[in-house]
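Trainee: Provided herewith is a single structure, encoded as structure tokens, for subsequent inquiry.
The values are calculated or read from the model by the stated rules, or taken from the named source; none is laboratory data. Nothing here was measured: the structure is a model prediction, and the numbers come from that model. We place every Cβ from the backbone using ideal geometry, glycine too, and count neighbours over all the protein chains shown. Just the protein is used for accessible areas: all its heavy atoms, side chains included, with ligands, DNA and RNA removed. Shrake-Rupley method; radii C 1.70, N 1.55, O 1.52, S 1.80 Å.
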Amino acid sequence: MSKREFEDIADNVCSGIISSKQRAIARNELLDHLDCELEDAVSRDIPEDEALKEVINNFGSVSSVKAEIAESYKEDNYLAIVKGIYSFAGYILIAGALFFFEIFLLFISFNQDTYLFHCCILFIVLSVLSFIAAKKKMIKLPWAIIPNALLQLIWVYEKGPTFIIAISELLTGNLKNFLNDLHYYEILSANLSQLLMAVFIVLFVAINVAISICSFRLKAKRTVNKKPCIVLKHISAIVMAFVCLSSALCFGTVFIIDNNSGFDYTKLYYIVPAESKTEIEKVLSFYKNEAENDGKGIFPGGNDIYQTEEIMYKVWYHHDLDSAVIDIHAYCNGKEKTPKNEDWDWMIDNGFDPSDPDFIPMYDLTYEDTPEVYGDKTIIQKSSYDEVPRDIFYKTASSRVVIKPDKKQGYLVIIPFTNDTFRTDKAEVVELPLEKDVRIYGNMYLNKYEIILKKSSDE
């Protein structure tokens, strides 16, 4: 026998004390008591081995002493539980403050997709802390992690995009398309990705609960089995690697480079037809002069329309808080082709009388209902919010204008009005007829919209 048995007895007897501080004090006092008993027995010329047996026999039933000590520390245990509840409540308050900070960042960014990157950063931090807690067998840290994870279920319910989507798109071979969509559109989680993220959060919380319980059992000497803690350390390492990989894939959008900086507000586009390269130069010169005459910071006025017998377009976009508005105007010979929904004589002549109980409002009509409702038959779609399912994991949403030019030869000159001035240096020229669809992107407050020029062969 050895004095190690004293430590085992002290660990067992004091394991009923919840407070680690009180448990350490009681354990040390018990060990001192047992050591004093051993010294007394040895002083009576009893061999050490026999003295150890005598002290242990005199100690009595370990279970009975354990119950007595637990009873004597009943009030301390109650206070430790209350303190733990207060600590957890404090963690919830801190998590709530962080959550509202996330909402604030979303508010000032005007962009819901910002949440995806907040979620990435948050779970990277949480998964690293979870791994540290498992490795160092920490009891309290997991309970600080749990509220932060649980609060993200709110965004899951709101269909906020999450990093889970990146892994699913990687596995299905659609990652490149997803990153392009994330770069150019607002992402909405489909039901399946919502479910996957909810399951991930629940499992993440369960792992942290298990880490805390396992660490407490081991530190309180209620078990000597270290295997569960080792397994949890490996699991938390896998979760951390999963979160970091998925987040890294999402942040891959920064490597998608285009001419449309998120901080360059392109609120308008002018799409002007040109018969030849000489006329292209005239168009560019016209808008270059407009930029010089109006000056930076001056919104384009009535003199911003290039005089041409062909149809030219001006696309206007505005985004504010959680709303977006996109509009398109068609011009011929410098005059706007008035949309039919603004021509009440035309509306009434075609059966769209507001006094009629069967009247269909303009915004419920489609291009197929009234081919000229948008002002020109070449404008085939105008939508301030258009959702498009991509696969079983997510949808995209965007403000969108679709034009199918009837001009078969020549060019279209696309001029952005960026940061309150015409930018002829960023003008784009496309040759007609179009061999493929041309997509043009603009943005305001990091929210992007698109203009699609449909190729002529499309029906």
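Trainee: Ranked highest first by the average count of other Cβ atoms within 10 Å around their residues, in what order do 133-146, 383-396 fall?
Mentor: Taking the mean over residues of other Cβ atoms within 10 Å, the ranking is 133-146, 383-396.
Trainee: Then there's this: Given a 1.4 Å probe, how much area per residue of the chain is accessible, in Å²?
Mentor: For the chain, the solvent-accessible area averages 53 Å² per residue.
Trainee: Mean separation of Cα pairs under 8 Å and 6+ residues apart, divided by the residue count of the chain: what relative contact order is that in percent?
Mentor: 16
Trainee: Continuing with this model, one more query. Measuring from label point to label point, each 7 Å out along Cα→Cβ, what is the D406 to D40 span in nm?
Mentor: Between D406 and D40, the label points sit 11.2 nm apart.
Trainee: For the ranges 438-444, 331-337, 409-415, 160-166, what's the packing order if you count other beta-carbon atoms within 10 Å of each residue, average per peptide, and put the highest first?
Mentor: Top to bottom by mean Cβ count within 10 Å: 160-166, 409-415, 438-444, 331-337.
Trainee: Let me ask something else. Quick one, can you get me the convex hull of the C-alpha atoms of the chain expressed as volume per residue in Å³?
Mentor: Expressed per residue, the convex hull around the Cα atoms of the chain is 204 Å³.
Trainee: Let me ask you something else. Of all the accessible heavy-atom surface of the chain, with the other protein chains kept in place and a 1.4 Å probe, what percent is carbon and sulfur?
Mentor: With neighbouring chains kept in place, the figure for the chain is 57 percent.
Trainee: Per residue Cα convex hull volume for segment 1-150, in cubic angstrom?
Mentor: Cα convex hull per residue, to the nearest whole number: 113 Å³.
Trainee: Provide the packing ranking of 266-278, 32-44, i.e. peptides ordered by the mean count of other C-beta atoms within 10 Å per residue, highest first.
Mentor: Output ranking for 266-278, 32-44: 266-278, 32-44.
Trainee: To the nearest 0.05, what FRET efficiency results for S276 and N303 with a Förster distance of 22 Å applied to their C-beta separation? Walk me through the numbers before you get to the answer.
Mentor: Working: r = 24 Å, r/R0 = 1.09.
Efficiency computed from Cβ-Cβ geometry: 0.40.
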